[in-house]
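**Q** Structure in structure tokens, see below.
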């Protein structure tokens, strides 16, 4: 079948309409995709943190708990942002931290535990025994804690919120680190990072299971 | 103008062809985009690292430098991967590390310096004086080093390769950390992380400039 000028014209019109339709669909898909797949959280916090009042974040609802009348500034700070990320947990918090003595961060963990979030803590055996460590209080409150038995340090400093948001960096959870040191914390939602850290947590959690403790050298047990 | 059945048929054929053309173009653009905009590097290393021979990475070209005949295993390891990422530097290395005593990591930094890469090191004043610190040797080789003057620690442990790849985590650059501790290192190319760390490096580099040292309290200088 041969096309006359009018036939070609109709054919070209149809092709143009098809093209326009496809482009419109593509634009729509992109817009929907942008809305549907929001950008992953990617944030960096640097310390030392400005010292601010964190009562508004940490106080449990009740009369007179907010606003706090203390003399500290009440604005934004790196510690405030870190607390907000942690307190966003609804289901689980995996915490793997070498040194934990910060009262504010401990309050956040206690608060999550009381809210019914499943909290699991891994820490270093040497550091957990020092003065000011919060680990004993976490245990007293019924939070599950496990520690290493190795000669090396359990030197990680990371937390995973709801198995989705990784909080990791150089910052130990101590007041010295928060208020005096140069430190960094990354907040990360990309699965390429979150998944390996989750796997590392589960590996360590299982390895530090008290049921697996070996108090005697292998040879003696087998005698 | 009204279309007969043949006209409709041609119009529909044209529309279908236009749609197919648009879809093909889209697929081509996607494929080209995937090739053009490669996925950013996102890698996680966990330590302790398997102890392996790193001579093949660190030896400068010369007779007998490779393969190394030593008894250590010659396979992959977390330290090997970290060294590879560092040795990929062609133009610059910014290094901001609390404790630096690892001989292998020091060799990598010396190697980059000799290759003409611009190396700048920031470290902690207290730790740089301990036995085994590599900081003195870096300075002797002509590498620029600056350190804090503060009461808090310069506790960062990050490096930036060619202003594009961030290497950061809990790992101090010591043999103890590499071989005995539980540690993590993230390799990151996303600008959301690299830019703030570059800015933090420049801020610290300028703040620790010896020209800005204050050896006497402000009041005394102004007397």
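The values are calculated or read from the model by the stated rules, or taken from the named source; none is laboratory data. Here the structure is a predicted model, which means the values were calculated and not measured. Heads up, the Cβs are rebuilt from the backbone with ideal geometry, glycines too, and the neighbour counts pull from every protein chain shown.
**Q** Working carefully through the options B:115, B:85, B:90, find the one that is surrounded by fewer than 16 Cβ atoms within 10 Å (Cβ to Cβ), within 16 Å of the chain's Cα centre (by Cα) and at pLDDT 95 or above.
**A** None of the others qualify; the one that does is B:90.
**Q** Out of B:121, B:109, B:161, which single residue is under 18 Å from residue B:208 (Cα atoms) and modelled with pLDDT of 95 or more?
**A** Sole residue among the options that is under 18 Å from residue B:208 (Cα atoms) and modelled with pLDDT of 95 or more: B:121.
**Q** I would also like to ask the following. Conditions first: (1) away from chain B (no Cβ under 11 Å); (2) outside any strand (DSSP E or B); (3) closer than 25 Å to residue A:56 by Cα. Residue A:128 passes all but one, so which condition is the exception?
**A** (3)
**Q** Being farther than 29 Å from residue B:197 by Cα and touching a residue at least 60 places away in the same chain (Cβ under 8 Å) narrows it down to one residue among A:107, A:90, A:115; which is it?
**A** None of the others qualify; the one that does is A:90.
**Q** Of all residues being assigned to a helix (DSSP H, G or I), within 9 Å of chain B (Cβ to nearest Cβ) and in contact (Cβ under 8 Å) with a residue 60 or more places away in the chain in region A:177-196, which is nearest to residue A:134 (Cα to Cα)? Just the residue, please.
**A** A:177
**Q** So is residue A:169 within 14 Å of chain B (Cβ to nearest Cβ), closer than 25 Å to residue B:180 by Cβ and either in contact (Cβ under 8 Å) with a residue 12 or more places away in the chain or within 15 Å of the chain's Cα centre (by Cα) (or both) or not?
**A** So residue A:169 fits the description; yes.
**Q** Among (1) part of a helix (DSSP H, G or I); (2) modelled with pLDDT under 90; (3) more than 9 Å from chain A (Cβ to nearest Cβ), there is one condition residue B:13 misses while meeting the rest; what is its number?
**A** It is condition (3) that residue B:13 fails.
**Q** Within the group A:25, A:79, which residue is surrounded by 16 or more Cβ atoms within 10 Å (Cβ to Cβ) and either at pLDDT 90 or above or facing chain B (nearest Cβ under 10 Å) (or both)?
**A** A:79
**Q** Among the residues of region A:140-147, are any crowded, with 18+ Cβ neighbours inside 10 Å, within 10 Å of chain B (Cβ to nearest Cβ) and touching a residue at least 60 places away in the same chain (Cβ under 8 Å)?
**A** Looking for residues that are crowded, with 18+ Cβ neighbours inside 10 Å, within 10 Å of chain B (Cβ to nearest Cβ) and touching a residue at least 60 places away in the same chain (Cβ under 8 Å), one finds none in region A:140-147, hence no.
**Q** If you don't mind, another one. Of all residues in region A:148-176, which are surrounded by fewer than 22 Cβ atoms within 10 Å (Cβ to Cβ) and in a strand (DSSP E or B)?
**A** A:165 - this is the single residue of region A:148-176 that is surrounded by fewer than 22 Cβ atoms within 10 Å (Cβ to Cβ) and in a strand (DSSP E or B).
**Q** Tell me, yes or no, whether region B:124-136 has at least one residue that is within 24 Å of residue A:181 (Cβ to Cβ), surrounded by 17 or more Cβ atoms within 10 Å (Cβ to Cβ) and within 18 Å of the chain's Cα centre (by Cα).
**A** Within region B:124-136, none of the residues are within 24 Å of residue A:181 (Cβ to Cβ), surrounded by 17 or more Cβ atoms within 10 Å (Cβ to Cβ) and within 18 Å of the chain's Cα centre (by Cα).
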